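Working notes, structure below.
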Amino acid sequence: MTSTIITLVRHGKVAGPAALYGRTDIALSPAGHSDLTRTLNNLHSQNPVDHIISSPRIRCSLVAQEFSAQHKIPLRTEDNLQEMDFGIWDGIPFDELGDEWKNIEAFWESPHSMQPPEGESLTDFATRVISSWESLISNAEPGHHTIICHGGVIRILIAHILQLDWRNAALFKQLQIDYASCTRVEIGGYDGAVPVVRWIGVNLTSI
């Protein structure tokens, strides 16, 4: 039977200063838009995409809509694949955070035990992302499914698929998921097949 291929694509570079962008609906920069578009087109030329799933945030959904319309590929928006909500830190440039910076540093040292003020706990974030993934793979038809989402989402899914501890701070501090990069997961077309991670964070913008 035909296998199911799922490619996780992080959105491109955003049009804003360095900050934690979770619920903040920031657009892509022109370069970010171009990189994400090029990545999707190169991905499609290598292995035609059958279905597109996108986070509702504009940094994902705008290019997803353009790609879907251009290639006549079905597109579905999935709310649970949004980035983590960073509460009062969300969307604020790092240079403007003042005394809150020390709290952000503490959060990155132990993201599981420290919740962003007025934001989302890592447990709640991971729960919704994993729930969305499990629903996807239980209902996915064979073929190539491309998910346009966020760095945090991709890290949680890698940990879940590989049965790693998603509470480990190293997942967020030491696993690089670049803008417009691709992570490939494949599920064999037979009973009992488990997801296999083929590659992580591959850059397809220049092929």
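The values are calculated or read from the model by the stated rules, or taken from the named source; none is laboratory data. Keep in mind it's a predicted model, so treat the numbers as computed, not measured. A quick note on method: Cβ atoms are made from the backbone with ideal geometry, for glycine too, and the neighbour counts reach across all protein chains shown.
From the list 92, 158, 147, 130, the lone residue that is among the β-branched types (Val, Ile, Thr), modelled with pLDDT of 95 or more and touching a His at 6+ places or on another chain (Cβ under 7 Å) is 130. For segment 105-121, a residue qualifies if it is part of a loop (DSSP other than H, G, I, E, B) and of a type in the set (A, V, I, L, M, F, W, C), and exactly one does: 114. Tallying residues that are surrounded by 15 or more Cβ atoms within 10 Å (Cβ to Cβ) and more than 17 Å from residue 144 (Cα to Cα) within segment 179-201 yields 3. There is no residue in segment 41-57 that is within 24 Å of residue 175 (Cβ to Cβ), touching a helix residue (DSSP H, G or I) at 6+ places or on another chain (Cβ under 8 Å), not polar (S, T, N, Q) and not in a strand (DSSP E or B).
Within segment 95-115, residues that are within 23 Å of residue 166 (Cα to Cα) and at pLDDT 90 or above reach partners that are of a type in the set (Gly, Ala, Ser) and surrounded by 12 or more Cβ atoms within 10 Å (Cβ to Cβ) with beta carbons closer than 7 Å, at six or more positions or on different chains, in the pairs 108/169; 109/169; 110/169; 111/169; 114/106; 115/121. When residue 102 is tested against (1) part of a helix (DSSP H, G or I); (2) more than 20 Å from the chain's Cα centre (by Cα); (3) under 21 Å from residue 9 (Cα atoms); (4) of a type outside the set (A, V, I, L, M, F, W, C), exactly one condition is not met: (3).
When residue 124 is tested against (1) free of Cβ contacts under 8 Å to residues at least 12 places away in the same chain; (2) in a loop (DSSP other than H, G, I, E, B), exactly one condition is not met: (2).
Of the residues making up segment 73-94, those that are assigned to a strand (DSSP E or B) and free of Cβ contacts under 8 Å to residues at least 40 places away in the same chain number 3.
Residues that are in contact (Cβ under 8 Å) with a residue 40 or more places away in the chain and over 25 Å from residue 87 (Cα atoms) within segment 24-43 comprise 35, 36, 38, 39, 40, 42, 43, listed in sequence order.
For segment 98-156, a residue qualifies if it is touching a helix residue (DSSP H, G or I) at 6+ places or on another chain (Cβ under 9 Å), more than 19 Å from residue 81 (Cβ to Cβ) and hydrophobic (A, V, I, L, M, F, W, C), and the qualifying residues are 101, 104, 107, 108, 114.
Looking across 124, 50, 79, one residue alone is farther than 16 Å from residue 21 by Cβ, modelled with pLDDT of 95 or more, within 13 Å of the chain's Cα centre (by Cα) and surrounded by fewer than 20 Cβ atoms within 10 Å (Cβ to Cβ). It is 79.
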